[in-house]
Structures are given as structure tokens and as C-alpha cells.
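**Student:** Take a look at the following structure, please.
The values are calculated or read from the model by the stated rules, or taken from the named source; none is laboratory data. All values reported here derive from a predicted model rather than from experimental measurement. Because the Cβ atoms are built from the backbone with ideal geometry, glycine has one as well, and the counts that use them run over all protein chains shown.
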Amino acid sequence: MKLSITIIIIVQEIEKMGQKVRNDWTFEEVKEIYHSPVLELIVRAANVHKEYQATAEVQVCTLLSVKTGGCSEDCAYCPQAARYNTGVEAQKLMGYEEVIDKALIAKNAGSTRFCMGAAWRNVREGRDFDRVIDMVKGVNALGLEVCCTLGMLTEDQALRLKDAGLYAYNHNLDTSDEHYGDIITTRTYSDRLETLDNVEKAGISVCCGGIIGMGESDDDRIKLLFTLATRPQHPESVPVNALVAVEGTPMAGKQKVKIWEMVRMIATARILMPKAMVRLSAGRHDMSIEQQSLCFLAGANSIFTGEKLLTTPNPDFSADKEMFEVLGLKPRESFKEETAMQHA
Ligand code: SF4
């Protein structure tokens with residue numbers, strides 16, 4: 001009897017070592033991982049990263065704001081909300097040609113994913129959406145993975161985008177369900193989840209993550225990761241953003257996020273969602289190469305490059321090229337199948 005229990009325990013331990021992709025994490029398990037000593041956390045995340053992905057490859061994405069400012073929503077971190085006095089001027093939707101030119105510049109600089117963002121509450125049928133559909137077709141024809149972030153979507157709109165060649169849709173949960181109402185009051189967490197469901201039903205990859213540094217607790221951060229990691233399908237990309245506190249928004253004056261907080265979020269995301277692209281997103285502008293290296297070691301394998309992230313500063317193409325050379329990283333090819341080394 002004793003021997004069979006021992007065998008079961010050994011088998012369980014072996015299974016844990018060659019970790020399967022799991023969607024059944026408990027909140028307590030996530031909490032334990034998140035709070036483990038940071039160096040142990042990095043080592044564990046690095047091992048998971050190595051097991052599932054090509055660790056020397058980093059996905060290079062470019063984000064372009066195709067419709068800036070004047071947004072009716074009240075996201076407390078966002079300089080594009082019309083109600084905050086941030087100096088961001090509302091602009092109309094960009095023209096098709098201009099977007100294609102910018103996509104080509106991004107491609108020539110080494111980007112493989114091109115993301116177009118519009119400061120809309122939700123997508124409305126009409127001329128503007130028709131133009132976005134054309135943009136998706138045009139960028140797709142350049143051989144780039146096309147991503148959009150346009151606010152809430154219906155299932156039909158998601159299907160139209162999919163038919164046009166959309167590869168991924170970004171829709172962040174931002175924080176925990178419990179903290180959400182302190183950050184945004186003009187929509188609910190369940191609105192957010194509904195759009196994610198519509199995107200998934202249309203067969204589009206989900207890009208979904210959050211922002212830290214908005215006054216949330218550790219439990220809120222853990223809850224966000226728990227929510228993402230227990231969805232029936234993990235997001236294909238998980239952006240981890242550090243708040244860029246912009247003057248004029250309710251978040252102005254918030255303390256800068258420490259590097260260890262970013263590392264903790266990235267490493268936990270990597271362990272929970274081994275096949276996801278974990279994106280080191282906003283806040284990278286203020287990080288040294290050494291600090292970014294810690295994030296890559298912790299399992300980050302995607303960045304935004306180009307001098308702006310919608311409206312806030314970001315390292316430009318040449319700074320990132322230099323960093324890639326120093327660290328021996330290379331850009332991940334577009335449309336690359338997951339390199340699930342041992343779990344294909
Ligand atoms: S984050 Fe998006 S939805 Fe929220 S205010 Fe900014 S542009 Fe609008």
C-alpha cells in the first residue's frame with residue numbers, strides 16, 4: 001500500500017517537472033508562484049520558457065494609433081480619454097495610404113506584427129470600420145501579422161475582421177475584476193470578457209493582458225493572471241504594461257513601477273501560460289538594457305518597437321536593434337507556429 005502511494009507521488013512530481021499546459025490553476029497556486037523568492041521565480045520561468053519556446057527569439061511588434069484621442073471612455077490611465085486634459089488632440093481616422101506606408105516602414109525595420117489602435121469605445125458599422133477592414137487587408141498583404149485594438153466588438157464584426165485577414169485582436173482586461181471599477185466606470189469587466197469571447201469564436205488570436213502600477217494590490221495582479229490562465233484557451237499574447245502616469249489623467253503622480261514588480265508579473269505569466277507570447281509593453285522606455293534583460297530571462301519574448309506606443313514614448317527601432325545585438329536576440333518570424341519543443 002505504502003509503495004503504491006510513493007509511486008503515485010513520484011509520478012505526480014515527474015508530471016509537474018514536464019509541466020503540461022494547464023487551465024485549471026487555483027488562485028492559491030498562482031499566489032504561491034507569484035510570491036516565491038524572485039530569483040527562484042526567474043529560474044523556474046526561464047526553465048518553462050526553454051521547454052516551450054525558442055528563448056533567443058523575440059517577437060517584434062509595432063503599434064500605430066490610427067485614430068487618436070477624443071474617446072468617450074473614462075479609463076483612468078489613458079491620455080486619449082476626451083474628459084481628461086492631457087494635451088492629446090482628437091484626430092480623425094488615418095487614411096489608408098498613410099497606414100500602409102507606416103506598416104511598410106515597420107516591416108523594413110524588422111517588425112513582424114503590426115497593430116492598429118483606434119480610440120473607440122466600440123466598433124460601429126460604417127465608413128470608418130469599412131476603412132479599417134481595408135487597412136487589415138492591406139497590411140496582411142504585406143506579409144505582416146495584423147492586429148487591431150478597436151474597443152468592444154460584436155461577433156459579426158469579429159468575423160468581418162477575420163475574413164479581412166486579421167490575425168490577432170488586443171483587448172486588455174487591465175486589472176482584476178474587483179479593481180476594475182476603480183479604473184473604468186464606463187464599461188464592465190463582463191463587457192470585456194464578452195468581446196474576448198466574440199474574438200475567440202471568430203477564430204482570431206486573443207491578445208490580452210494588463211497594466212500594473214494603478215494602485216492595485218498584489219492580489220489584484222494575481223487575480224488578473226489567474227483569470228487569463230484559467231480561460232478555456234490561454235491568450236496567444238499577454239502584454240504586461242507598467243503604468244506610464246500621464247499628466248492630466250487621474251493616474252498622474254502615481255509612483256513608478258519597480259523592475260522587480262514587472263519581473264514578477266512576467267515570470268508568473270510565463271509559468272502559467274507557457275505557450276503565450278509574453279509582451280514587455282508600456283514602461284520599457286524607462287528601462288535599461290540590463291533591466292530589460294531580466295524581463296527576457298523571466299520569459300518575456302515580445303516587445304513593441306517604434307518611437308511611440310499610441311501616445312506615450314517607446315524605444316525606437318535603432319535602440320532595439322542595438323539591444324538585440326548586445327543580447328544575441330533575433331526577431332521571431334511572422335506566422336511562426338508555436339515552437340512547442342516537447343509538447344507539439
Ligand atoms: S484605453 Fe481605449 S477605451 Fe479607454 S479611454 Fe483610452 S482609448 Fe478609450
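**Student:** Just a yes or no: is a residue in the range 176-193 within 16 Å of the ligand (Cβ to nearest atom), surrounded by 22 or more Cβ atoms within 10 Å (Cβ to Cβ) and under 18 Å from the mean Cα position of the chain (by Cα)?
**Tutor:** no
**Student:** Continuing with this model, one more query. Could you list all residues from the range 71-110 that are in a loop (DSSP other than H, G, I, E, B), more than 23 Å from Ile212 (Cα to Cα) and not polar (S, T, N, Q)?
**Tutor:** Within the range 71-110, Gly87, Glu89, Ala90, Lys92, Leu93, Met94, Gly95, Ala109, Gly110 qualify.
**Student:** So, one more: Limited to the range 186-223, what total is found for residues that are in a helix (DSSP H, G or I) and touching a Leu at 6+ places or on another chain (Cβ under 6 Å)?
**Tutor:** 3
**Student:** If you go through the range 257-279 one residue at a time, do you hit one that is assigned to a helix (DSSP H, G or I) and under 19 Å from Ala106 (Cα atoms)? Write out each step before concluding.
**Tutor:** Within the range 257-279, the subset assigned to a helix (DSSP H, G or I) is 259-272.
Checking the rest, the ones that are also under 19 Å from Ala106 (Cα atoms) come to none.
No.
**Student:** On to the next question. Mind checking which residues of the range 168-185 are out of contact with any helix residue (DSSP H, G or I) (no Cβ under 7 Å at 6 or more places or on another chain), in a loop (DSSP other than H, G, I, E, B) and not hydrophobic (A, V, I, L, M, F, W, C)? Reasoning before the result, please.
**Tutor:** We begin by selecting, within the range 168-185, every residue out of contact with any helix residue (DSSP H, G or I) (no Cβ under 7 Å at 6 or more places or on another chain); these are 168, 170, 172, 181-185.
Applying the additional criterion that residues be in a loop (DSSP other than H, G, I, E, B) yields 172, 184-185.
Answer for the range 168-185, where residues must be out of contact with any helix residue (DSSP H, G or I) (no Cβ under 7 Å at 6 or more places or on another chain), in a loop (DSSP other than H, G, I, E, B) and not hydrophobic (A, V, I, L, M, F, W, C): Asn172, Thr185.
**Student:** Another question, then. For residues in the range 226-245 being part of a helix (DSSP H, G or I) and aliphatic (A, V, I, L, M), which is nearest to Val88 (Cα to Cα)?
**Tutor:** Step one: of the range 226-245, the residues part of a helix (DSSP H, G or I) are 226-229.
Add one more test, that the residue is aliphatic (A, V, I, L, M), and what stays is 228-229.
On the way: Leu228: 31, Ala229: 35 Å.
If we take residues in the range 226-245 being part of a helix (DSSP H, G or I) and aliphatic (A, V, I, L, M), then Leu228 is nearest to Val88 (Cα to Cα).
**Student:** Sticking with this structure for a sec: Take the residues of the range 31-63 that are of a type outside the set (A, V, I, L, M, F, W, C) and closer than 30 Å to Lys102 by Cα: which is nearest to the ligand (Cβ to nearest atom)? First the steps, then the outcome.
**Tutor:** Step one: of the range 31-63, the residues of a type outside the set (A, V, I, L, M, F, W, C) are 31-32, 34-37, 40, 44, 47, 49-53, 55, 57, 59, 62.
Next, only the ones that are closer than 30 Å to Lys102 by Cα stay: 53, 55, 57, 59, 62.
Details: Gln53: 29, Thr55: 32, Glu57: 29, Gln59: 22, Thr62: 18 Å.
The residue in question is Thr62.
**Student:** Within the set of pairs 6+ apart or on separate chains, which have a first residue in the range 228-239 that is touching a residue at least 24 places away in the same chain (Cβ under 8 Å), a second that is surrounded by fewer than 22 Cβ atoms within 10 Å (Cβ to Cβ) and of a type in the set (Ser, Thr, Tyr), and C-beta atoms under 9 Å apart?
**Tutor:** If the second residue must be surrounded by fewer than 22 Cβ atoms within 10 Å (Cβ to Cβ) and of a type in the set (Ser, Thr, Tyr), the pairs left are Thr230/Thr26; Pro235/Ser205; Glu236/Ser205; Ser237/Ser205.
**Student:** Now for a separate question. How many residues, within the range 148-171, are over 13 Å from Gly203 (Cβ atoms) and either charged (D, E, K, R) or within 17 Å of the chain's Cα centre (by Cα) (or both)?
**Tutor:** 8
**Student:** Something else now. Can you go through Gly306, Gly253, Gly248 and tell me which one is assigned to a loop (DSSP other than H, G, I, E, B) and at pLDDT below 85? Walk me through how you get there before you give the answer.
**Tutor:** Working: Gly253 fails: at pLDDT below 85; Gly248 fails: at pLDDT below 85.
Of the residues listed, the single one that is assigned to a loop (DSSP other than H, G, I, E, B) and at pLDDT below 85 is Gly306.
**Student:** Looking only at the range 88-114, which residues are within 13 Å of the ligand (Cβ to nearest atom) and either in contact with a Leu (Cβ under 7 Å, 6 or more places away or on another chain) or without any contact (Cβ under 8 Å) to a residue 40 or more places away in the chain (or both)? Show your work before the answer.
**Tutor:** Taking the range 88-114 first, the residues within 13 Å of the ligand (Cβ to nearest atom) are 88, 90-91.
Those that are within 13 Å of the ligand (Cβ to nearest atom) and either in contact with a Leu (Cβ under 7 Å, 6 or more places away or on another chain) or without any contact (Cβ under 8 Å) to a residue 40 or more places away in the chain (or both): Ala90, Gln91.
**Student:** Do the conditions hold for Lys137, that is, is it part of a helix (DSSP H, G or I) and either over 16 Å from Ser65 (Cα atoms) or within 16 Å of the ligand (Cβ to nearest atom) (or both)? Break it down into steps so the answer makes sense when it comes.
**Tutor:** On the way: part of a helix (DSSP H, G or I): yes; either over 16 Å from Ser65 (Cα atoms) or within 16 Å of the ligand (Cβ to nearest atom) (or both): yes.
Answer is yes for this residue.
**Student:** If you don't mind, another one. If I filter the range 64-73 for residues that are within 12 Å of the ligand (Cβ to nearest atom), in contact with an Asp or Glu (Cβ under 8 Å, 6 or more places away or on another chain) and within 25 Å of Ser302 (Cα to Cα), do I get at least one hit?
**Tutor:** Checked the range 64-73: at least one residue is within 12 Å of the ligand (Cβ to nearest atom), in contact with an Asp or Glu (Cβ under 8 Å, 6 or more places away or on another chain) and within 25 Å of Ser302 (Cα to Cα).
**Student:** Asn85 fails exactly one of the following numbered conditions: (1) within 21 Å of the chain's Cα centre (by Cα); (2) more than 13 Å from the ligand (Cβ to nearest atom); (3) of a type in the set (S, T, N, Q). What is the number of that condition?
**Tutor:** Failing condition for Asn85: (1).
**Student:** Here's something else I'd like to know. Of the residues in the range 117-134, how many are within 19 Å of Gly203 (Cα to Cα) and within 13 Å of the ligand (Cβ to nearest atom)?
**Tutor:** 1
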